[in-house]
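**Student:** Attaching a single structure in structure tokens format; questions to follow.
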Amino acid sequence: MRSRAIRVPRSEGEEARRALVHASKLRTDLRIRVDGNDVVFPVGPGALPVRGSVAEDEFLPLTDRGSARRYQDLVSLPADRRALLPRAFDVIGEIVLVRIPKELEPDAPAIGDALLRFVPGARLVGADTGVHGPDRRRSLRMVAGTGSWRTQHRENGISIEVDVERAYFSPRLAREHARVAGTVRHGETVYDLCCGVGPFALAIARDGRAARVAAVDQNPDALELLRTSLGRLAPRIPVEVVQDDVERFLARAEPADRAILNLPLQGIKYLPSVARVVRPGGSIHYYEVVERAELDTRAMTIIERTGERSDWSIRESREVHAYSPTSDLRAYTLERRGAA
């Protein structure tokens with residue numbers, strides 16, 4: 001399909017894309033095209049906010065998926081290899097992340113192209129090989145599309161600035177972000193620990209009931225992204241953005257009414273310190289990956305790990321989503337006994 005287009009160098013592609021989106025000039029029905037060292041954007045009429053070569057050009061429809069109901073239908077592989085195709089993938093803004101089995105590494109470009117065609121609005125597909133290090137950064141490899149790993153992800157009416165390579169973010173927790181924010185009462189002090197790019201803090205600050213929100217993480221890139229989101233959100237209450245280790249922050253922290261600890265594979269080590277800082281009548285929203293075989297006994301183990309077993313009870317335990325064939329990510333709401 002032919003359209004008015006602007007051609008810019010690939011090195012300027014992401015900056016140009018963001019400017020075109022902001023000015024509502026980027027056509028959303030046609031796919032951005034890479035041509036050698038250039039990126040070609042389909043654009044609408046009128047003045048454009050970026051410099052480049054403007055001319056008519058040919059583009060594919062953005063949703064060039066035909067009658068496919070699954071992205072797997074767009075991948076041409078023998079039956080035995082098709083059975084290995086990953087069923088799940090994450091969409092963060094315009095970015096699709098997928099874990100590709102080692103056996104299918106040679107087919108990664110075909111998988112990426114299929115996802116790019118299948119997911120509406122997708123700009124970039126990355127192979128995700130896991131989260132590493134204390135800053136929880138993903139190891140990623142670009143397999144299809146163009147541009148940077150930075151994007152804006154919308155959930156619960158909030159635009160969240162995300163760089164999937166520099167700071168961890170999961171789009172699978174949108175309901176949790178809204179659910180926890182909805183439990184916050186007027187005048188509370190809330191600590192969002194290991195906050196990442198701050199989706200919990202953003203939702204709580206937007207709702208405006210808390211008196212104080214502190215978002216704590218040791219990854220400076222995550223906090224820079226959070227500050228960008230806060231600048232765009234302009235919440236009714238300020239968020240204190242704190243770059244620090246959780247233990248050091250809690251050692252000097254004033255008592256809180258509510259704490260969020262979303263560090264599913266390592267958070268248990270911080271639980272005693274978090275429990276000590278929460279007031280009587282307060283709550284901890286704690287997330288952990290739990291083996292299903294251990295589910296019946298895990299709640300009691302978590303209570304014991306607070307170091308104050310007689311003071312705490314678990315008000316709610318719920319499955320958030322499957323994590324592996326044998327485990328789930330679970331959300332526990334711990335409540336400290338006594339009036340606030």
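**Student:** Kindly indicate which of V54, V39, V21 is among the hydrophobic types (A, V, I, L, M, F, W, C), in contact (Cβ under 8 Å) with a residue 40 or more places away in the chain and surrounded by fewer than 18 Cβ atoms within 10 Å (Cβ to Cβ).
**Tutor:** Working: V39 fails: surrounded by fewer than 18 Cβ atoms within 10 Å (Cβ to Cβ); V21 fails: in contact (Cβ under 8 Å) with a residue 40 or more places away in the chain.
Among V54, V39, V21, only V54 is among the hydrophobic types (A, V, I, L, M, F, W, C), in contact (Cβ under 8 Å) with a residue 40 or more places away in the chain and surrounded by fewer than 18 Cβ atoms within 10 Å (Cβ to Cβ).
**Student:** If you go through the stretch 215-222 one residue at a time, do you hit one that is closer than 18 Å to S283 by Cα, buried (at least 16 other Cβ atoms within 10 Å of the Cβ) and at pLDDT 95 or above?
**Tutor:** Narrowing the stretch 215-222 to residues closer than 18 Å to S283 by Cα: 215-216.
Those left that are additionally buried (at least 16 other Cβ atoms within 10 Å of the Cβ): 215-216.
Keeping just the survivors that are at pLDDT 95 or above gives 215-216.
Yes: the stretch 215-222 contains one or more residues that are closer than 18 Å to S283 by Cα, buried (at least 16 other Cβ atoms within 10 Å of the Cβ) and at pLDDT 95 or above.
**Student:** Being of a type in the set (D, E) and without any contact (Cβ under 8 Å) to a residue 60 or more places away in the chain is the filter here; which residues of the stretch 246-262 pass it? Don't jump to the end; show me each part of the working.
**Tutor:** We begin by selecting, within the stretch 246-262, every residue of a type in the set (D, E); these are 247, 254, 257.
Across the stretch 246-262, the qualifying residue is only E247.
**Student:** Would you check if S67 is at pLDDT below 85 and either farther than 30 Å from A5 by Cα or of a type in the set (D, E, K, R) (or both)?
**Tutor:** No.
**Student:** For the structure I just gave you, tell me whether V241 is within 24 Å of Y332 (Cα to Cα) and among the β-branched types (V, I, T).
**Tutor:** Values: within 24 Å of Y332 (Cα to Cα): no; among the β-branched types (V, I, T): yes.
It is false that V241 is within 24 Å of Y332 (Cα to Cα) and among the β-branched types (V, I, T).
**Student:** Do we have any residue at all in the stretch 102-109 that's assigned by TED's automatic domain parsing to the domain that holds A122, farther than 25 Å from E155 by Cα, small (G, A, S) and in contact (Cβ under 8 Å) with a residue 12 or more places away in the chain?
**Tutor:** Of all residues in the stretch 102-109, those assigned by TED's automatic domain parsing to the domain that holds A122 come to 102-109.
So of that shortlist, the ones also farther than 25 Å from E155 by Cα come out as 102-109.
So of that shortlist, the ones also small (G, A, S) come out as 108.
Cutting the leftovers down to in contact (Cβ under 8 Å) with a residue 12 or more places away in the chain gives us 108.
Scanning the stretch 102-109, I find at least one residue that is assigned by TED's automatic domain parsing to the domain that holds A122, farther than 25 Å from E155 by Cα, small (G, A, S) and in contact (Cβ under 8 Å) with a residue 12 or more places away in the chain, so the answer is yes.
**Student:** Only one residue in A214, A203 is among the aliphatic types (A, V, I, L, M) and closer than 23 Å to R252 by Cα. Which one?
**Tutor:** Numbers: A203 fails: closer than 23 Å to R252 by Cα.
From the options A214, A203, the qualifying one is A214.
**Student:** Further question: Report whether or not P109 is part of a helix (DSSP H, G or I), within 28 Å of the chain's Cα centre (by Cα) and within 26 Å of R27 (Cβ to Cβ).
**Tutor:** Working: part of a helix (DSSP H, G or I): yes; within 28 Å of the chain's Cα centre (by Cα): yes; within 26 Å of R27 (Cβ to Cβ): yes.
Answer is yes for this residue.
**Student:** Can you name the residue in the stretch 41-57 that is assigned to a strand (DSSP E or B) and at pLDDT 90 or above and, of all such residues, is nearest to L85 (Cα to Cα)?
**Tutor:** The qualifying residue nearest to L85 (Cα to Cα) is P42.
**Student:** Looking at the stretch 172-194, is at least one residue among the aliphatic types (A, V, I, L, M), farther than 27 Å from R305 by Cα and touching a Phe, Trp or Tyr at 6+ places or on another chain (Cβ under 9 Å)?
**Tutor:** Checked the stretch 172-194: no residue is among the aliphatic types (A, V, I, L, M), farther than 27 Å from R305 by Cα and touching a Phe, Trp or Tyr at 6+ places or on another chain (Cβ under 9 Å).
**Student:** With the condition being among the charged types (D, E, K, R), over 21 Å from D245 (Cα atoms) and out of contact with any Leu (no Cβ under 8 Å at 6 or more places or on another chain), I'd like the strands (runs of 3 or more DSSP E) fully within the stretch 128-170 carrying at least 2 qualifying residues. Don't jump to the end; show me each part of the working.
**Tutor:** Values: elements: 137-145, 150-155, 158-163.
Once the strands (runs of 3 or more DSSP E) in the stretch 128-170 are filtered for at least 2 residues that are among the charged types (D, E, K, R), over 21 Å from D245 (Cα atoms) and out of contact with any Leu (no Cβ under 8 Å at 6 or more places or on another chain), what remains is 150-155.
**Student:** Criterion first (part of a loop (DSSP other than H, G, I, E, B), assigned by TED's automatic domain parsing to the domain that holds S324, at pLDDT 95 or above and not acidic (D, E)) does R179 satisfy it? So that I can check it myself, show each step before the final result.
**Tutor:** Working: part of a loop (DSSP other than H, G, I, E, B): no; assigned by TED's automatic domain parsing to the domain that holds S324: yes; at pLDDT 95 or above: yes; not acidic (D, E): yes.
When the stated conditions are applied, R179 does not pass them.
**Student:** Okay, moving on. Any chance you could count how many residues in the stretch 111-141 are under 20 Å from I100 (Cα atoms), surrounded by fewer than 16 Cβ atoms within 10 Å (Cβ to Cβ) and not basic (K, R)?
**Tutor:** Qualifying residue count for the region: 5.
**Student:** If I filter the stretch 187-196 for residues that are closer than 28 Å to A122 by Cα and assigned by TED's automatic domain parsing to the domain that holds I268, do I get at least one hit?
**Tutor:** Going residue by residue through the stretch 187-196, those that are closer than 28 Å to A122 by Cα are 195-196.
From the residues that got through so far, the ones that are assigned by TED's automatic domain parsing to the domain that holds I268 too are 195-196.
So far as the stretch 187-196 goes, yes, one or more of its residues are closer than 28 Å to A122 by Cα and assigned by TED's automatic domain parsing to the domain that holds I268.
The values are calculated or read from the model by the stated rules, or taken from the named source; none is laboratory data. Not measured: the values here are computed from a predicted model. We place every Cβ from the backbone using ideal geometry, glycine too, and count neighbours over all the protein chains shown.
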